[in-house]
Amino acid sequence: MKPIKPIIVLVSILFVMIIMIPTMLVIPFSDKEKETGKLAEEQQSNPEPPQIASGPTVEVAVHRASSNNIENVPLEEYVIRVLASEMPGEFELEALKAQALAARTYIVKQMLSDQKLGVPEGAVVSDTTRHQVYYNREELKKILKDEYDWKIEKITKAVAETQGQILTYNGSPIDALFFSTSNGYTENSQDYYQTEYPYLKSVPSPWDVNTEKFHDQIEMTITEFEQKLGIKVGNSKEIGKVTARTQSNRVATVEVGGKTFTGREIREALKLRSTDFTWERKGSHIVIQTKGYGHGVGMSQFGADGMAKEGKTYKDIVTYYYQGVQVSSADDFINKLTVKK
């Protein structure tokens, strides 16, 4: 075996050192970095709050029932305030967008109409459930309190993302009726309002069942019951009978005290939440139970929220509750309003 020459050994040692020195320098630095950590920085710009795009100036003249004044509000601002007044801000964004679309459609149709029922000269709508519930910003701050900022931001987003859209049927804005909670089905328009609209048909709304406003119970004396209905019920244990029901299982007609009433007449006279009601006599009182909240025609708000929770979009929601409608541009209708001014 030949001895290894010194020059070869020297070259080998130098080669190993060339490889190892960078590693020896990096390892201590890496260990230190792992031990102490490093502050990363990636600045992100603050997201801009949702904005309503500028467009033709159209104002809604709202009759304020409590002050008897008329408040003029830009159209999209009106929709924001109605949405904040009519639907809980914690509802899903897609449900809020569906409600924004319904509210905008409702007011555009109302403004295009020459008939301004139930409001004084110069007004288009009231601020009550006769039309759409409306509170201004200062009132909403008092109602929503600490939740005002985030709810208004979310509601403004819903309005901004549907801006310029309304619901139409055969090219005309629809009567975009809505209500809080169904009894499991919506109501045919003709079964409550005696007017049939092809897009306001009864549909299942299972998302409402057993939500917070689904059940209600009230109690009144026999005397109150008689006075409100203008009848006498006598001493009979059974009080009246339902003689017909609607497709959605609400009361169509009921006989009580020798008179026949529609379900709507009973609801309004007794101030019930719904026309899906039952009652029974307990001593000197009548106990009345209801399912659902509202007239039941059109879009259910709790149903819309339930659909949104399942991943449905606002277009899915509105085309489900308003049968055969289209989501259309409001531009032509807005231009008509601008010309009317």
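Each reported figure results from applying straightforward, stated rules to the coordinates on display, with no laboratory input. Since the model is a prediction, treat every value here as computed from it, not as a measurement. FYI the Cβ positions are ideal-geometry reconstructions off the backbone, even for glycines, and counts take in every protein chain you see.
For this structure, a couple of remarks:
- Packing-based exposure ordering (other Cβ within 10 Å, fewest first) of Lys237, Lys336: Lys237, Lys336
- Neighbour net charge for Glu310 - beta-carbon separation under 12 angstrom, K R +1, D E -1: -2
- FRET efficiency, 1/(1 + (r/R0)^6) with R0 45 Å, evaluated for Asn335 and Glu196 via beta carbons: 0.90
- Contour excess over end-to-end distance, with Cα ends at Gln217 and Asp316 and 0.36 nm allotted per residue: 32.3 nm
- Shape category assigned to region 115-222 from the gyration tensor of Cα positions, a/c cut at 1.5: rounded
- When the Cα convex hull of region 181-296 is projected onto planes of every orientation, the mean area is 7.0 nm².
- Applying a DSSP loop filter and a limit of 11 other Cβ atoms within 10 Å to the GluC sites (Glu not before Pro) in region 233-341 leaves Glu238, Glu310.
- Ser205, Ser328 arranged by Cβ crowding within 10 Å, fewest neighbours leading: Ser328, Ser205
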